Amino acid sequence: MIQSQIVVAADERWPELPWREWEPTIATLHMWVQIAGKVRMALAPPLNHWWHVPLYASARGLTTSAIPSGSRHLQVDFDFIDHRVEASTSDGGSFTMALEPKSVARFYREFMAGLGGLGIEVRVWPHPVEVADAIPFETDEQHASYDPSHAHAFWRGLLQADRVMKTFQTGFVGKASPVHFFWGSFDLAATRFSGRPAPLHPGGAPNCADWVMEEAYSREESSVGWWPPSEPPGPAFYAYTYPEPEGYRSAAVRPSQAFFDAALGLYMLPYDAVREASDPDAIVRDFFESTYGAGADLGGWDRAGLEPIVRPDWPATRPWSTLKPGAANRGAAGSLGPRRVTRS
């Protein structure tokens with residue numbers, strides 16, 4: 001077992017990320033996580049927008065959560081503290097693999113053999129998706145890097161994004177997704193929906209069938225997320241609305257460090273700008289609120305019906321989705337008091 005040698009400073013909530021150097025590790029990890037994600041996709045009952053396939057941030061890395069497999073459940077966990085991947089079943093079976101420099105081909109062979117040893121018989125399409133250079137897993141000897149410090153740093157950045165995105169999602173009572181990690185695009189995402197159908201998505205994701213994106217974008221949505229690229233400006237928060245309403249690209253979004261990337265069709269806020277701010281959490285929330293507000297207003301969303309009169313108490317001490325305007329100022333005994341939604 002490889003033990004992490006990184007000591008985390010207690011006051012370093014938003015750590016510096018070595019994104020200029022971590023590309024080899026991130027590219028390899030992307031393929032390994034796709035393999036585990038494809039296992040979840042093959043076993044889990046389908047859900048709209050592909051919500052049955054993501055992984056989730058965990059206290060030690062990434063997890064598939066419990067996956068039904070016949071009468072049992074399987075769970076796969078990537079541990080970026082002790083640097084191992086563990087697959088465990090509800091009947092007590094398990095196996096572990098060290099996260100260390102090894103090719104995707106070797107990881108794939110060992111991982112699938114480990115599942116077979118647990119009695120998990122599953123077939124996956126052994127090709128990566130949403131990447132331009134889609135080398136089949138079975139023959140990929142190119143991606144074989146793993147620097148424990150880079151994997152650990154990636155996970156720590158992911159945890160901060162997960163924490164702030166979960167707080168943002170409390171300001172909505174319409175249909176909304178969990179905060180989840182999509183292994184195809186290798187990003188953390190959270191989505192709000194208007195409740196209306198969307199026009200057919202044109203597709204176009206590399207090495208991914210167009211019908212996959214048609215399902216993903218079947219309803220009008222406003223999404224926020226975080227991803228860890230190795231090109232400038234480095235890891236970034238993002239936001240977009242689909243379909244994109246007229247005037248969205250020139251909307252007055254906040255903070256000043258945010259910008260619209262025309263090539264990607266979304267707003268971006270660099271992670272480095274966030275960590276250098278006096279209140280990093282506040283500027284990320286401002287980015288989420290202002291980009292969501294711009295898209296929802298320009299898209300004619302029913303915001304009065306989709307957002308609560310007040311945010312829920314924390315911890316919750318009363319319902320918030322059913323509160324009427326006249327009850328907005330009547331806090332429950334022992335509550336932290338109402339938190340009003342900031343309108344953009």
Test: residue in segment 166-179 that is open to solvent by 40 Å² or more (accessible area, probe 1.4 Å), within 28 Å of Pro24 (Cβ to Cβ) and at pLDDT 95 or above: no
Enumeration of residues in segment 164-219 that are free of Cβ contacts under 8 Å to residues at least 40 places away in the same chain, assigned to a helix (DSSP H, G or I) and under 23 Å from Phe237 (Cβ atoms): Lys166, Gln169, Met213
Qualifying residue in segment 244-254 (condition: touching a residue at least 60 places away in the same chain (Cβ under 8 Å), open to solvent by 50 Å² or more (accessible area, probe 1.4 Å) and not basic (Lys, Arg)): no
Flag for Gly203 being open to solvent by 10 Å² or more (accessible area, probe 1.4 Å) and more than 27 Å from Glu289 (Cβ to Cβ): yes
Test set (1) touching a His at 6+ places or on another chain (Cβ under 7 Å); (2) within 30 Å of Glu215 (Cα to Cα) - Trp32 fails condition number: (1)
Exclusive hit being open to solvent by less than 40 Å² (accessible area, probe 1.4 Å), at pLDDT 95 or above, over 21 Å from Glu220 (Cα atoms) and in a helix (DSSP H, G or I), set Asp272, Asp286: Asp272
When residues of segment 30-63 are limited to those that are within 15 Å of the chain's Cα centre (by Cα) and part of a helix (DSSP H, G or I), the one farthest from Phe186 (Cα to Cα): His49
Residue count, segment 186-200 (criterion: within 16 Å of Val129 (Cα to Cα) and either in contact with a His (Cβ under 7 Å, 6 or more places away or on another chain) or surrounded by fewer than 16 Cβ atoms within 10 Å (Cβ to Cβ) (or both)): 1
Selection from segment 72-100 of residues that are in a strand (DSSP E or B), under 29 Å from Thr25 (Cβ atoms), open to solvent by 30 Å² or more (accessible area, probe 1.4 Å) and out of contact with any Lys or Arg (no Cβ under 6 Å at 6 or more places or on another chain): Gln75, Asp77, Arg84, Glu86, Ser88, Ser94, Phe95
Subset of segment 118-153 [hydrophobic (A, V, I, L, M, F, W, C), open to solvent by 60 Å² or more (accessible area, probe 1.4 Å) and not in a loop (DSSP other than H, G, I, E, B)]: none
Among the residues listed as Ser4, Ser69, Ser58, the single one being modelled with pLDDT of 95 or more, surrounded by fewer than 20 Cβ atoms within 10 Å (Cβ to Cβ), more than 22 Å from Ile135 (Cβ to Cβ) and of a type outside the set (A, V, I, L, M): Ser58
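The values are calculated or read from the model by the stated rules, or taken from the named source; none is laboratory data. Fair warning: this is a prediction, and the values are worked out from it, not measured in the lab. Every residue, glycine as well, gets a Cβ built from its backbone with ideal geometry; the counts of neighbours run over all protein chains shown. The area values use the complete protein model at the heavy-atom level, side chains included, leaving out ligands, DNA and RNA. Shrake-Rupley method; radii C 1.70, N 1.55, O 1.52, S 1.80 Å.
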